[in-house]
Amino acid sequence: MIRSRFSGTDDLEFIPSCVYDLIFRCHPPPSRQPIPSNSVPTLAATDSGASAKVIDGKLVSKQVKDEVAEEIATMKAATGHVPGLAVILVGSRKDSQTYVRNKKKACEAVGIKSFEVNLPEDATEEEVIEHISEFNNDSSVHGILVQLPLPRHMNEETILGAVNIEKDVDGFHPLNIGRLAMQRRYPLFVPCTPKGCMELLHRYGVEIKGKRAVVIGRSNIVGMPAALLLQKANATVSIVHSNTKNPEEITRQADIVISAVGVANLVRGSWIKPGATVIDVGINPVDDAESPRGYRLVGDVCYEEVSKIASAITPVPGGVGPMTIAMLLSNTLESAKRAYNFK
């Protein structure tokens, strides 16, 4: 058995080696021409004669960040305050350190004040919760983010539940997810990656109302909230998971597909309805002797096959990934606006 390294995977993360051998035969995504950064999002054509259009997450994330920076400047001029985001990192995982560093850099770029706590791998739950409590009571902090994954000896649910719901900019608090699931109720914050997926669909003018949508994966971080968001947008939603019978047949009925299981090239061309829109959340390292790093990143979707069938598709990298931090900044701004009653 081979285990995916994608942090948001659900119970589809364990895939038999024979299946891995099959799905890894897909070639890497073809190169694509960047859309000018000053353009309004439009569906830009892919290369290699593929019929699908590229949904450019880098472009949209830049636009979101520019909008956030402009609003923060206006708020600072009107109130004298700026949003504050606190990040708690436990342990010394290189990938987590990189994520935290990137979030801090993004905050600085738009005018959000950063607060950071670094704790050792053997820190106790009580220590983490103590820092969360301090940030809960700090009026200059409007968002609190506990970097995941946490060390094995910590109870993730307990720690995330300690974050004040009004500062839960990651959107993981049970009350936020509960509100997301209920009709005519709205969460204070939506989890950043699913929110980024929806932002891409909206900004590229993809019709959701009345359409069939399939979400592949049911994780708390991406799959489940993505399905709830699509439902709130009046799509007819199905969730495909490891116990689903005939996943290919179900997925092929969808006008919109969001895949978030962390299995490289799982979704083949045969899974996709002609003209569907495909959002690929997966970020999976696969061995590549020609890469300086010894690996390359691919999505859950076999780009080479699916781009010839879908009407629009996000690339990996450069699709959903950049949107996650952009939505975190947006959520932090919204929290500050509520705190200062700034419209």
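Key figures for this structure:
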{"read-out": "Cross-link pairs 53/273; 53/195; 105/195; 103/211; 65/308 - those with Cα-Cα distance over 25 Å", "value": "103/211; 65/308"}
{"read-out": "Ranked by how many other beta carbons lie within 10 Å on average, peptides 277-285, 135-143, 157-165 from highest", "value": "277-285, 135-143, 157-165"}
{"read-out": "MRE, 222 nm, helices only [DSSP H, n ≥ 4, -39500 (n - 2.57), over the chain, to nearest 500]", "value": "-11000 deg cm²/dmol"}
{"read-out": "Dipole axis of the chain (+1 Lys, Arg; -1 Asp, Glu on Cβ), positive-most option in 220, 133, 233", "value": "233"}
{"read-out": "Charge tally in the Cβ shell below 11 Å around residue 342, where Lys, Arg are +1 and Asp, Glu are -1, residue 342 excluded", "value": "+2"}
{"read-out": "Coil-residue trypsin sites (Lys or Arg not before Pro) of segment 101-165, DSSP, other Cβ within 10 Å capped at 11", "value": "152"}
{"read-out": "Relative packing of peptides 292-300, 242-250, 326-334, 60-68 - highest average C-beta neighbours within 10 Å first", "value": "326-334, 60-68, 292-300, 242-250"}
{"read-out": "Charge sum, other residues only, whose C-beta stays under 11 Å from residue 173's C-beta, Lys/Arg counted +1 and Asp/Glu -1", "value": "-2"}
{"read-out": "HN-Hα J in Hz across segment 101-110 - Karplus 6.51, -1.76, 1.60, θ = phi - 60°, x for Gly and Pro", "value": "4, 5, 5, 5, 5, 5, 4, 4, 5, 9"}
{"read-out": "Extended-chain gain in nm, criterion 0.36 nm per residue less alpha-carbon gap, residue 234 and residue 202", "value": "10.2 nm"}
{"read-out": "Anisotropy class of segment 82-166 from Cα gyration tensor, a/c 1.5 cut", "value": "oblate"}
{"read-out": "Segments 255-264, 211-220 sorted - mean Cβ within 10 Å per residue, highest first", "value": "255-264, 211-220"}
{"read-out": "DSSP-defined beta bridges in the chain - what % are antiparallel, rounded to 5", "value": "20 percent"}
{"read-out": "Local electrostatic count, residue 209, Cβ distance below 14 Å [Lys/Arg +1, Asp/Glu -1]", "value": "+1"}
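Every read-out reported here was derived from the displayed coordinates using simple, explicitly stated rules and does not represent laboratory data. Source: prediction; values computed, not measured. Cβ sites come from the backbone with ideal geometry, for glycine too, and all protein chains shown count toward neighbours.
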